[in-house]
Each structure stands twice: as structure tokens, then as C-alpha cells.
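Here the structure is laid out as C-alpha cells; the discussion comes afterwards.
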Amino acid sequence: MKVGVLGLQGDVREHVRALEAAGAVTAVVKRRDQLADVDALVLPGGESTTIGKLLDRYELLEPLRERAAGGMPLYGTCAGAILMARDVTGPHDAPHRLGVMDMTVRRNGYGRQLDSFEADLGIDGLEDSFRAVFIRPPVIEGTGPDVEVLAEVDGQAVLVRQGHLLASTFHPEMTPDARVHAMFVRMISQRES
């Protein structure tokens, strides 16, 4: 199993480190041929408009949509979650999105950079709490019936799963704790078996 990390912008190295700590073989994906060579993909945090434009410019948007529709596991963190969302509310859309996950998000939902925060999460499937880092995170305002909420902060979903798709509004790669990445690696393994 080879897990790619989209390498156009964002927390690429941090995701590679966390995935390798979770036992995955990794590859940085910047081109279509590299996308074809991975079994799953992480869409990192960063700036969703920039990443979306680069996906479009490098002709990765449609191939990635097709792979996701065909069952390739995706994990989007922060900006990656925005790119995965079917709908974006508020004044700032993300026009070049995959739109593959049945959720509605609002960009920068908690406010500005100064409103970034950390929180201890209880995550379904993990025994101990997970210290999560939220940096200008989106807010998940709604989810479809097939989306499972795995963690919340103050009643707000922050980690969700829909079949082979996983999304978080926080940055698990910004901590030394690789358990959320390990959860994604297990999702991929279960899908392959």
C-alpha cells in the first residue's frame, strides 16, 4: 500500500512523517502519473483556494475526482476538508473543489489566525484523548446521512468519515501523535482486504 500526500502546497512533510510513523509507504504527488501510482491520498492543510487552483492548473482535479468516485481513500485536513466538501457556505467559496464528501463547510469558521486554538478530543476508535491543533479551521455546518461524526468540539463536528473518505478541520500532522493517520491507514487496509 502506498499513500500519497498532495504536494502542491501546505503541510506536506508533516503528513509524510505522520503516515510513515503509522506504518505507511508514502509518496509526494504533484503530477497525474504520480496520482496513478498511489492507493490513497492525503489532501493537506494550507490555503484551499491556492490548492484548488493548483489542482486545476496541473490537471489533477478531474483525475482525483474520478479516483475518489472509484473508491480511492482520501483524507483531507483543514483546507483539504474544504476541497472535499460538496458545499461551501459564506462569502468565500472554494471554486476548484473535488466536492466528493456529503458535507457543508464554512471557511475560517472560527475566525482569524488569532482565533486558532488547541483542544483535547475524544475520537471514536481511540482510547485516549487526542490533542488537536486548529489553525483558522473551517466549520462543518452539516453532514449527509452517510457521514459519521467521529469527534466534536462544543457540539461541532471536527472529524468525519463517509465510507472511504475521512476529513478533519484540525491538523493532526502538527503533533507527534500519529493515531489519526494510523486510523486512515487502517481504513485503507480494510478497504483492500
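Observations on the model:
- Any hit, region 39-48, residues being more than 15 Å from the chain's Cα centre (by Cα), on the phi < 0 side of the Ramachandran plot and not aromatic (Phe, Trp, Tyr): yes
- Exclusive hit being within 19 Å of ILE82 (Cβ to Cβ), of a type in the set (Gly, Ala, Ser) and at pLDDT 95 or above, set SER116, SER129, SER168: SER168
- Within region 145-161, the residues that satisfy the criterion of being at pLDDT 95 or above and either in contact with a Cys (Cβ under 6 Å, 6 or more places away or on another chain) or in a loop (DSSP other than H, G, I, E, B) (or both) are PRO145, ASP146, VAL147.
- Residue satisfying all of: in region 115-149; aliphatic (A, V, I, L, M) and out of contact with any helix residue (DSSP H, G or I) (no Cβ under 8 Å at 6 or more places or on another chain); farthest from PHE170 (Cα to Cα) among these: VAL147
- LEU159 satisfies every condition listed in (1) more than 15 Å from ASP177 (Cβ to Cβ); (2) aliphatic (A, V, I, L, M); (3) surrounded by 18 or more Cβ atoms within 10 Å (Cβ to Cβ) except (1).
- Listed by position, the strands (runs of 3 or more DSSP E) inside region 1-114 whose residues that are surrounded by fewer than 16 Cβ atoms within 10 Å (Cβ to Cβ) and among the aliphatic types (A, V, I, L, M) number at least 1 are 25-29.
The values are calculated or read from the model by the stated rules, or taken from the named source; none is laboratory data. These numbers were taken from a predicted model, which means no experiment stands behind them. Please note: Cβ atoms are built from the backbone with ideal geometry, for glycine as well, and neighbour counts cover all protein chains shown.
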